[in-house]
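S.K.: Following this message is one structure expressed as structure tokens.
Rule-based calculations on the coordinates, nothing more; no lab input. Bear in mind that the values here come from a model prediction, so they are computed numbers and not experimental data. Glycine gets a Cβ as well: all are built from the backbone with ideal geometry, and neighbour counts include every protein chain shown.
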Amino acid sequence: MYGKKVKFRAAFILLVLISLVLIIYLSLKTLEDNVVYFLSPTEIQNKEEIKKNEKVRVGGMVKKNSIKSYTNYISFILTDYKNEINVTYSGTIPNLFSEEKGVVAEGTLKDKNYFIANKILAKHDENYMPPKINNSLDSK
């Protein structure tokens, strides 16, 4: 019915489409493992199940008068103005880290109210605010 050229072209197009789908799938799967989004304290409170010792990021604002310094660590409260989570961190504190400023802390959840951070990312610009926090402030 169809000639050799038509069959060859159809096979070639099919092979190219399958290759593209496979490349896109593998690229997205690789990115999925490397991309870490942050959760707000409210999202953590609403979670049904908490996986212990899983690396997560928690983002929000440092509550006023909540930073306490100890010899080897600091503790502070991270809030999204609806819920709060206690955070402890031992390590170098970023220069821009202060009260009522936005931060993203990376570490592990011990429960819905306690987070142990191993990295703190302070906001880099006074006009920047994480979109999730900005949206929660707008709805306030």
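S.K.: In segment 50-85, which residues have a backbone nitrogen under 14 Å from the label point lying 7 Å from residue 100's Cα in the Cα-to-Cβ direction?
M.R.: Taking a point 7 Å out along Cα→Cβ of residue 100, the residues of segment 50-85 whose backbone N falls under 14 Å are 61-67.
S.K.: Something else: Under 27 Å Cα to Cα from residue 110, which lysines show up? Leave out anything in the same chain fewer than 8 places away.
M.R.: 47, 51, 52, 55, 63, 64, 68, 82, 101, 119, 123, 132
S.K.: Could you work out the relative contact order of the chain? I mean the mean sequence separation of Cα pairs under 8 Å and 6+ apart, divided by the number of residues, in percent.
M.R.: 21
S.K.: If I fit a long axis through the Cα atoms of helix 4-34 and take the longest principal axis of the Cα atoms of the chain, what angle between them do I get, 0 to 90°, rounded to 10?
M.R.: Computed tilt is about 10 degrees.
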